[in-house]
1. Just wondering, is there one or more residues in the stretch 260-274 that are at pLDDT below 90, within 27 Å of I190 (Cα to Cα) and of a type outside the set (S, T, Y)?
2. Scan the stretch 57-92 residue by residue and report those that are at positive phi and either at pLDDT 90 or above or not acidic (D, E) (or both).
3. Where residues in the stretch 222-259 are in contact with a Cys (Cβ under 9 Å, 6 or more places away or on another chain) and open to solvent by 70 Å² or more (accessible area, probe 1.4 Å), which of them is modelled with the highest pLDDT?
4. When you check N160 against the structure, is it surrounded by fewer than 13 Cβ atoms within 10 Å (Cβ to Cβ) and modelled with pLDDT of 80 or more, yes or no?
5. Name the pairs: first residue in the stretch 40-53 and touching a residue at least 40 places away in the same chain (Cβ under 8 Å), second residue small (G, A, S), Cβ to Cβ under 6 Å, at least 6 apart or on different chains?
6. Residue by residue through the stretch 200-219, note down the ones that are of a type outside the set (A, V, I, L, M, F, W, C) and either open to solvent by less than 20 Å² (accessible area, probe 1.4 Å) or touching a Cys at 6+ places or on another chain (Cβ under 8 Å) (or both).
7. All but one of (1) within 34 Å of the chain's Cα centre (by Cα); (2) open to solvent by less than 70 Å² (accessible area, probe 1.4 Å); (3) at pLDDT below 90 hold for V24; which doesn't?
8. Any idea which residue in the stretch 103-133 is modelled with the lowest pLDDT, counting only those that are under 20 Å from Q175 (Cα atoms) and not charged (D, E, K, R)?
Amino acid sequence: MEAVQRDHWYFMVLIFLPFLKVAVQQKDAITVHLEEGMVLDCACPWNGNLSMVSWTKVPDRDPIAVFHPEYGVNFPHHYRERIEFLRTTPMDGSISMRNVTHQDIGLYHCSVQTFPQGPWTRNIQVEDLDIPPKDDDITEPPTPEWIKTDRELVARQNDNLTISCNHVHNGTVYQVILEKMPHGLPWSIIGVCKKVEGGLVNEDYSDRGRVSCADSLDVSLHLTGVEPEDGGFYRCTFSTDAGVKTTTVLLTVPPQGGFSLSMYMMYIYIGAGAAGLILFIIILILALRHRKRNRREEYRVKLHPSQSQKWRQWQRQ
């Protein structure tokens, strides 16, 4: 019976939550740094009786955590065992979050229902402050002509390949973000490697391949059976105590039976080198024959006239 009641009130929350009118709301969102065990503060500043606390994440507006003084707490499956209500005071709806990933970045909305004053709300923006700020005015991805490439790789289809940024660390590295930009599309995060108090955290968001992270925070993408869509730009952003550093790798996957520009230039260099070597050998042979002919002529001039005549007769035979 108790389980049925809990399901009932949670169902009512899902129905009426979008229609709850806000009496008092903090307009400016508070910024919180994405980190393990981060606290999202939502302590109602006045006294009264707490009826319910609900947390939603924008833009879905689906509840991620609900607290009721009588029925307890409820979490969706994705947030279960990750969110905890702190309840430091009777009017405190703050939560803490563990096992965080970059998918937890976003805007959170907290609503504290009280009696008799009514609801009190707060907005909290969770950001990864280690990511360099981006210009909101830029809507189009940068063209390849404007992207500085530190390394270029060529892989044939169905090959196995490991893409690593090979950054020379000039300081202590705290976090590395691996991004991919397919041709004509914007950058997207496919892997994160960072240090937390509990050790090393490796987040893999790649649909293709496997992202691995070393103790030195060197991040790599391992591709098995390279496909044409694997081609594009890969960028590693290193957050260090000396600042933010980036390394960009360009992967080219030529079509089967076709040639890439790098392979074409390689064949040109090989052909030019072979032609140069053959020309050098021909010039060397001609020079040796010319030198030998000159030595014979000098020897003939030095001979006695009678011997010189015999020499000419011997040459004619």
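1. No, every residue in the stretch 260-274 fails to be at pLDDT below 90, within 27 Å of I190 (Cα to Cα) and of a type outside the set (S, T, Y).
2. Pass one, the stretch 57-92, residues at positive phi: 61, 72, 81, 87.
Selection gives R61, G72, R87.
3. T246
4. Values: surrounded by fewer than 13 Cβ atoms within 10 Å (Cβ to Cβ): yes; modelled with pLDDT of 80 or more: yes.
The answer is yes for N160.
5. Within 6 Å, the pairs are D41/S94; C42/G93; C42/S94; A43/S94; V53/G93.
6. To start, the set of residues in the stretch 200-219 that are of a type outside the set (A, V, I, L, M, F, W, C) comprises 202-210, 212, 215-216, 218.
N202, E203, D218 - these are the residues of the stretch 200-219 that are of a type outside the set (A, V, I, L, M, F, W, C) and either open to solvent by less than 20 Å² (accessible area, probe 1.4 Å) or touching a Cys at 6+ places or on another chain (Cβ under 8 Å) (or both).
7. (1)
8. Step one: list which residues in the stretch 103-133 are under 20 Å from Q175 (Cα atoms), which gives 103-106, 126-133.
Keeping just the survivors that are not charged (D, E, K, R) gives 103, 105-106, 126, 129, 131-133.
Details: Q103: 83, I105: 88, G106: 87, V126: 92, L129: 64, I131: 53, P132: 47, P133: 44.
So, considering only residues that are under 20 Å from Q175 (Cα atoms) and not charged (D, E, K, R), the one modelled with the lowest pLDDT is P133.
The values are calculated or read from the model by the stated rules, or taken from the named source; none is laboratory data. This is a predicted model, so every value here is computed, not measured. Cβ coordinates were reconstructed from backbone atoms using ideal geometry, including for glycine residues, and neighbour counts include every protein chain displayed. Only protein heavy atoms, including side chains, enter the accessible area calculation; ligands, DNA and RNA are left aside. Shrake-Rupley method; radii C 1.70, N 1.55, O 1.52, S 1.80 Å.
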